1. Within segment 147-178, track down each residue that is surrounded by 11 or more Cβ atoms within 10 Å (Cβ to Cβ), over 26 Å from residue 133 (Cβ atoms) and within 16 Å of the ligand (Cβ to nearest atom).
2. With respect to residue 23, is the statement that it is more than 13 Å from the ligand (Cβ to nearest atom), buried (at least 18 other Cβ atoms within 10 Å of the Cβ) and closer than 20 Å to residue 134 by Cβ true?
3. For segment 101-127, enumerate the residues that are away from the ligand (no atom under 16 Å from the Cβ), in contact (Cβ under 8 Å) with a residue 24 or more places away in the chain and assigned to a helix (DSSP H, G or I).
4. State the number of residues belonging to segment 132-157 that are among the basic types (Lys, Arg) and either without any contact (Cβ under 8 Å) to a residue 12 or more places away in the chain or more than 14 Å from residue 176 (Cβ to Cβ) (or both).
5. What is the residue count in segment 26-56 for residues that are loosely packed, with under 14 Cβ neighbours inside 10 Å and aromatic (Phe, Trp, Tyr)?
6. Suppose we keep only residues that are modelled with pLDDT under 90 and among the charged types (D, E, K, R) within segment 76-102. Which one would you say is surrounded by the fewest Cβ atoms within 10 Å (Cβ to Cβ)?
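The values are calculated or read from the model by the stated rules, or taken from the named source; none is laboratory data. Note that this is a predicted model, so its numbers are computed, not measured. Cβ: placed from backbone, ideal geometry, glycine included. Neighbour counts: every protein chain shown.
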Amino acid sequence: MNFQSVEFEAAAGRADQLKKSDLPEIVFSGKSNVGKSSLINKLVNRKALARVSATPGKTATINFFRLPECRFVDLPGYGYAKVSQNEKQRWAKLMQGYFDAERNVALVIQILDMRHPPTDDDLEMVDFLYRSNYPFAVVLTKRDKLNKTNQKLQLEYYQDIFSTIEDLPMIEFSAQDGYGKEEIKALIESHILQTE
Ligand code: GDP
């Protein structure tokens with residue numbers, strides 16, 4: 001698939017604004033500021049397709065990007081403390097609206113910060129994906145911010161945490177040097193093929 005042939009399609013702030021699910025969807029999930037936009041931009045080789053936010057927690061819409069054989073679905077980042085109760089409720093409804101709609105989800109890419117332990121929200125999300133039987137993978141990002149020793153240690157730490165989940169792909173990634181990019185692209189392509 002040509003990942004560079006991509007365009008922004010729509011932003012949904014409410015469940016009734018979601019695009020029709022007529023293509024396999026690659027869903028990107030992660031806490032606010034984890035590096036979700038940077039990952040999407042790197043995969044499609046664009047500087048600013050997905051907005052790299054200076055203010056964490058700002059993106060509270062589900063954003064759709066059209067590629068030749070699939071859609072990228074950028075979920076709003078979760079876990080930003082300074083968000084009002086109202087906004088949190090809207091966020092929860094939007095997410096529920098997405099996941100309740102029985103969409104054509106080819107793969108959910110759950111992004112975690114390789115440097116830090118998962119947050120409660122991260123674990124809740126992984127638990128949800130696992131229990132709901134979604135095909136999902138973990139991307140451990142910001143790898144470049146660790147030295148060699150800690151890269152190894154943190155990978156083992158995460159492998160240990162999720163060892164009970166069988167066949168869970170776990171890919172280290174860096175938006176800075178592109179480490180892991182080709183592996184993620186190959187995973188996406190194989191899941192699209194399985195879904196079609
Ligand atoms: P989002 O809120 O999850 O979309 O996160 P962003 O993509 O906006 O990234 C948040 C911050 O982390 C930005 O300052 C990025 O430049 C930085 N960042 C994201 N990924 C990486 C990475 O792999 N390496 C480094 N060094 N910085 C990163």
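1. Passing the criteria: 150, 151, 154, 174, 175, 176, 177, 178.
2. Numbers: more than 13 Å from the ligand (Cβ to nearest atom): yes; buried (at least 18 other Cβ atoms within 10 Å of the Cβ): yes; closer than 20 Å to residue 134 by Cβ: yes.
Yes.
3. 126
4. Step one: of segment 132-157, the residues among the basic types (Lys, Arg) are 142-143, 145, 148, 152.
Filter again for either without any contact (Cβ under 8 Å) to a residue 12 or more places away in the chain or more than 14 Å from residue 176 (Cβ to Cβ) (or both), leaving 148, 152.
Number satisfying all stated conditions: 2.
5. 0
6. Among residues in segment 76-102 that are modelled with pLDDT under 90 and among the charged types (D, E, K, R), the one surrounded by the fewest Cβ atoms within 10 Å (Cβ to Cβ) is 102.
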